[in-house]
Structures are given as C-alpha cells and as structure tokens.
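Only one structure is covered here, and it is reproduced in the block below.
The values are calculated or read from the model by the stated rules, or taken from the named source; none is laboratory data. Note that this is a predicted model, so its numbers are computed, not measured. Note that we place each Cβ from the backbone using ideal geometry, even for glycine, and neighbour counts take in every protein chain shown. When the accessible area is computed, the model is the full protein with side chains, heavy atoms only, and any ligands, DNA or RNA have been set aside. Shrake-Rupley method; radii C 1.70, N 1.55, O 1.52, S 1.80 Å.
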Amino acid sequence: GTLNNGVGFSPSYKGILTFDGADDDVRTTLFTNARTNVTMAGWFFVNLGTVGTFLSNGDDPAGYCIGIGQYFGTTDNQIVGLFGYVRWILTGAYYQYTGWHHIAMTLDGSGTPSIYVNGVLIGTYPGSMANVPSPGTGFSIGSQWGIRYANTRCGNSTFYNRALTATEILQNYNATQQR
C-alpha cells in the first residue's frame, strides 16, 4: 500500500503504523468488489473519545468499513460500521478502554455484517446489503478512502475472501495477541 500524508512507521515496534486522525492513511488496490463472504480484521490502538475509520473496502458511495465514533463524525466510543450511502451500523457497543483491540467485520453469504472485538461477537446487523465497492477506489487503513480519518495505530490488518467463523476469529485473536 501507499502511506499518505506522513503515516508514521516504527520498525522497532514490529512494524506499527501511526495515524494522526487528520489526513493519514494507507491505500492499496480494492481487494474485492464482493459484498458477501468477506472478512476484514486488524489490531488497532483505540483512543477513546475519538472518531474515524480503521478499515475500509471501497469509499463512501459504495463499500463497507468499521471504526469508532457515532457516525464517524461525533466523538464517541461506540463501535460503528458503515455501508456507504446505504446505512450506518450503530452497534450500541462501546470500546471499554484505550489500548490495543483486535477488530473484525465479516459479511456472510447474504451480506449481513457481524462485528467482533477481541475475539468476541458484539453483534450481527441484518438490513440492507452494502453497495458494490466503487471501481477506482480500494482498501484503506486509517480512513474511509480519504475521509473520516482515525487517530490510531495499526499493528496488523488482514482481508479474507470468505467470512471467517467465530471460532476462526477467536483463534486469530489468541494467536496474535502477544505479538
């Protein structure tokens, strides 16, 4: 991916990326234009009382993302997702502490998102399916393809072309939490 606008990189901390919440992000090509059977996950240092997108596949008109804050624009500790121009996913669940969290979103065979924090399912959110991610956009870390920037650090991110099971997400959390 391309590091934009001064994303910090610390090799001494096993390759952690640092985002300022103003204009930093990492962008790479769109992993998939699928709206079903996908998983995106990563380790993020959550700063309570902030807003922004941690992971995004696509952009605001089309695609899906996960982050922090009510509507990514109002400071809040709520775990939030978005299907661009389709619906906000206000989970009603909140990050409980500043620090590292493993965050994952799956889209099952019907496009229904499930959100996990630290290997625990916080909810499944039926409703309208995401729009097909827009051509010309891509996958981004730290923003929703150039908007809704997050003040965070990222230790790792992954994208799968299938919906991981709850067991697999917990296994990934446990396998990487000490690294």
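Look at Ser140 and say whether it is modelled with pLDDT of 95 or more, of a type in the set (Gly, Ala, Ser), in contact with a strand residue (DSSP E or B) (Cβ under 6 Å, 6 or more places away or on another chain) and not in a loop (DSSP other than H, G, I, E, B). Spelling it out, Ser140 is indeed modelled with pLDDT of 95 or more, of a type in the set (Gly, Ala, Ser), in contact with a strand residue (DSSP E or B) (Cβ under 6 Å, 6 or more places away or on another chain) and not in a loop (DSSP other than H, G, I, E, B).
Beta carbons closer than 6 Å, at least 6 apart along the sequence or on distinct chains, pair a first residue in segment 10-39 that is part of a loop (DSSP other than H, G, I, E, B) with a second that is among the charged types (D, E, K, R) and open to solvent by 30 Å² or more (accessible area, probe 1.4 Å) for Asn37/Arg162. Say we look at segment 31-65 and pick out the residues that are modelled with pLDDT of 95 or more and among the aromatic types (Phe, Trp, Tyr); which of these is surrounded by the most Cβ atoms within 10 Å (Cβ to Cβ)? Checked segment 31-65; the qualifying residue surrounded by the most Cβ atoms within 10 Å (Cβ to Cβ) is Phe44. On the basis of being more than 16 Å from the chain's Cα centre (by Cα), farther than 14 Å from Phe44 by Cβ, open to solvent by 10 Å² or more (accessible area, probe 1.4 Å) and β-branched (Val, Ile, Thr), does Val86 make the cut? Considered against the rule, which asks whether it is more than 16 Å from the chain's Cα centre (by Cα), farther than 14 Å from Phe44 by Cβ, open to solvent by 10 Å² or more (accessible area, probe 1.4 Å) and β-branched (Val, Ile, Thr), Val86 comes out as yes. If I filter segment 90-98 for residues that are in contact with a Ser or Thr (Cβ under 9 Å, 6 or more places away or on another chain) and surrounded by 19 or more Cβ atoms within 10 Å (Cβ to Cβ), do I get at least one hit? No - not one qualifying residue is present in segment 90-98. Taking residues in segment 150-179 that are touching a residue at least 60 places away in the same chain (Cβ under 8 Å) and among the small types (Gly, Ala, Ser), and partners anywhere that are surrounded by 13 or more Cβ atoms within 10 Å (Cβ to Cβ) and part of a helix (DSSP H, G or I), the pairs with Cβ atoms closer than 9 Å and at least 6 places apart or on different chains are Gly155/Thr176. Could you look through segment 49-83, keep only residues that are outside any strand (DSSP E or B) and of a type in the set (Phe, Trp, Tyr), and pick out the one that is farthest from the chain's Cα centre (by Cα)? Residue satisfying both the conditions and the ranking: Tyr71.
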